[in-house]
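The values are calculated or read from the model by the stated rules, or taken from the named source; none is laboratory data. Remember, it's a predicted structure, so these values are computed and weren't measured experimentally. Because the Cβ atoms are built from the backbone with ideal geometry, glycine has one as well, and the counts that use them run over all protein chains shown.
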Amino acid sequence: MEQLEFNFRKDTFSKIFPFYILLDTNLFIKSYGNSIPKIIPELKKTLFKDNFSISRPHIEEYSTNQFNTIINQLVILKSNYTDETILRGQFEIIDEGYLFVGSPWFVSIDEVVQKNLSINDFAFHDSLLDILHVSKNYEINYNDLKELLKTVNEQRNILKKDKEELNKLSLVARANKNGVVIFDTKGIISWCNDAYLNIVGLPLNKIIGSSIHDFEPDKRYDPIEIESILNEFEKGVIFNNEKTTISPDGKKIWFKTIKQPVRDADGKILNYFAVIEDITSEKEKEENGNNSAVTNESIPQP
Amino acid sequence: MYGIVNKAIEELVISNFGKDKWEIILAKSGIEHSFFISNETYDDAITYQLAQTISQEMNMSIDDVMIAFGEWWVVKTTRDKYSGLMQTGGSNLKQFLINLPVFHNRIMLHYPKLTPPEFKISHIEERNLCLHYFSKREGLQEFVRGLIQGLGIIYTAEIKIELLKSRSDGSDHEIFKISW
């Protein structure tokens, strides 16, 4: 079987493995890749052990016998000049010498920058920079999620406060002696209190989803008049009127109704609410007062 | 687009015009997202809608919005979030631009769900070169102009940008001549 051989010029080999280190049989550094001096400017073509120490795997001594035991293993080298510089790779026996091929090991892109390395100092096939970038993306994502969690918590607190406020308002509206009813700009009722149920004289399920114009004191029959009022609702017009109705027992009842829109922060109409107040007793007093005045006026004064 | 793009737009608006203005822009754009996660993908339409709304709200042309955003992307976003990576791109403007194609080809590895544009460099002279921009997306050529202007800012180089060819003139890509 034909044995393939790969022969490279030094420059080409350095382009493929810019951090290679070639040792002779006496374990002297014979040659190294173009990017090595950038991370170890002090590097000399002297004994390997004067420049590097092998962190992993452990060897007893720096001899060819011991080097032969670490072939086919991941090797971690440290520069003797600075603890910060680590190379990871492997040794291969070549022409009775030893060839180390590998890359520097960094855990963040900032370390790459500290060593003044650029993308041109790495072989294209070396994925270190890409892995560091992906790792950076995870860090950014983690920070995003922390920020999102903070936002969600803030919003939850705001919602909690709003809900508490809403509950208070709801209690006030629910317990109000006046009729309170909420409806949309089409007049369709979505909520009302017990006082409104008493005014209308119907249960809740007959009221929700019906039009405010189906019931007294706002009952309307003329479709043209209803259409006109709905148009006014769309415009956000405030209504303020009084009307009399006759109760089932034949009594005349006066109601004062105020209808006004509820808007969002941008001024968009969310819905309408109406407060319906029974003003019969005031009206009766008024009428009695008027009658008394008329009576008084009719009595000749001494 | 990845969320990081929309986040950058948000930061650009907030830094220059305040959070209230961003809330207005977000509301007027009709976008339901109130938070963008950098590594999540979002519909391109969201980014275009944001740019459109900023243009209307700030009374700026859409081209000016894209240029401002391109500058911001380089000067602020990449510097804040990827400063180390940017520095590995080169120590001066020329070196960075020459490395840009290789630099950018890596982006598709970092963002696998992205359809990234492709850059090529030609006619490299002492003080100018041509940058070729290939993209499947329309309407981002002024964003690229902003990116180049941003690089001029971070490398403190006075630059001149000429659009030599454009898809709007029938070419299949844009060619910018950059001089410094």
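What the table below lists for this structure:
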| read-out | value |
| --- | --- |
| Pair list, Cβ < 6 Å and 6+ apart or interchain, from the stretch A:218-247 residues that are without any contact (Cβ under 8 Å) to a residue 60 or more places away in the chain to residues that are part of a helix (DSSP H, G or I) | A:Asp218/A:Ile212; A:Arg220/A:His213; A:Arg220/A:Ile226; A:Ile226/A:His213 |
| Residue in the stretch B:80-95 that is closer than 21 Å to B:Ala157 by Cβ, β-branched (Val, Ile, Thr), more than 16 Å from the chain's Cα centre (by Cα) and crowded, with 18+ Cβ neighbours inside 10 Å present | yes |
| Subset of the stretch B:133-171 [aliphatic (A, V, I, L, M) and either within 10 Å of the chain's Cα centre (by Cα) or under 19 Å from B:Val74 (Cα atoms) (or both)] | B:Leu140, B:Val144, B:Leu147, B:Ile148, B:Leu151, B:Ile153, B:Ile154, B:Ala157, B:Ile159, B:Ile161 |
| Residues located in the stretch A:235-265, provided they are within 15 Å of A:Glu284 (Cβ to Cβ), hydrophobic (A, V, I, L, M, F, W, C) and surrounded by 14 or more Cβ atoms within 10 Å (Cβ to Cβ) | A:Ile253, A:Trp254, A:Phe255 |
| All positions within the stretch B:107-118 that are assigned to a helix (DSSP H, G or I) and either touching a Pro at 6+ places or on another chain (Cβ under 6 Å) or among the basic types (Lys, Arg) (or both) | B:Ile107, B:Met108 |
| Within the stretch B:1-106, helices (runs of 4 or more DSSP H) holding 3 or more residues that are away from every other protein chain (no Cβ under 12 Å) and in contact with a helix residue (DSSP H, G or I) (Cβ under 8 Å, 6 or more places away or on another chain) | B:3-17, B:19-29, B:44-57, B:62-72 |
| Criterion: among the charged types (D, E, K, R) and buried (at least 17 other Cβ atoms within 10 Å of the Cβ) - qualifying residue of A:Asp95, A:Asp126 | A:Asp126 |
| Those residues of the stretch B:139-174 which are within 25 Å of B:Asp44 (Cβ to Cβ) and aromatic (Phe, Trp, Tyr), in sequence order | B:Phe143 |
| Enumeration of residues in the stretch A:57-85 that are touching a Lys or Arg at 6+ places or on another chain (Cβ under 6 Å) and either modelled with pLDDT of 95 or more or under 20 Å from A:Asn34 (Cα atoms) (or both) | A:Ile76 |
| For A:Glu154: the one exception among (1) more than 9 Å from every other protein chain (Cβ to nearest Cβ); (2) under 25 Å from B:Gly90 (Cα atoms) | (2) |
| Out of A:Ile199, A:Ile253, A:Ile226, sole residue that is modelled with pLDDT of 85 or more and either in contact with a His (Cβ under 8 Å, 6 or more places away or on another chain) or aliphatic (A, V, I, L, M) (or both) | A:Ile226 |
| Unique match (being at pLDDT 90 or above and closer than 30 Å to B:Ile24 by Cβ) among B:Leu129, B:Leu147 | B:Leu147 |
| Top-ranked residue of the stretch B:96-112 - restricted to ones that are over 16 Å from the mean Cα position of the chain (by Cα) and modelled with pLDDT under 85, ranked as farthest from B:Ile159 (Cα to Cα) | B:Pro112 |
| Residue match in the stretch A:201-220 (condition: β-branched (Val, Ile, Thr), touching an Asp or Glu at 6+ places or on another chain (Cβ under 8 Å), within 23 Å of A:Leu270 (Cβ to Cβ) and surrounded by 19 or more Cβ atoms within 10 Å (Cβ to Cβ)) | yes |
| Condition met for A:His213 (in contact with a helix residue (DSSP H, G or I) (Cβ under 6 Å, 6 or more places away or on another chain) and farther than 30 Å from B:Pro112 by Cβ) | yes |
| Failed item in (1) surrounded by fewer than 19 Cβ atoms within 10 Å (Cβ to Cβ); (2) at pLDDT 85 or above; (3) under 17 Å from A:Thr151 (Cβ atoms), with B:Glu40 passing the rest | (2) |
| Search result, residues across the stretch B:132-149 that are of a type in the set (Gly, Ala, Ser) and either free of Cβ contacts under 8 Å to residues at least 12 places away in the same chain or in a helix (DSSP H, G or I) (or both) | B:Gly146 |
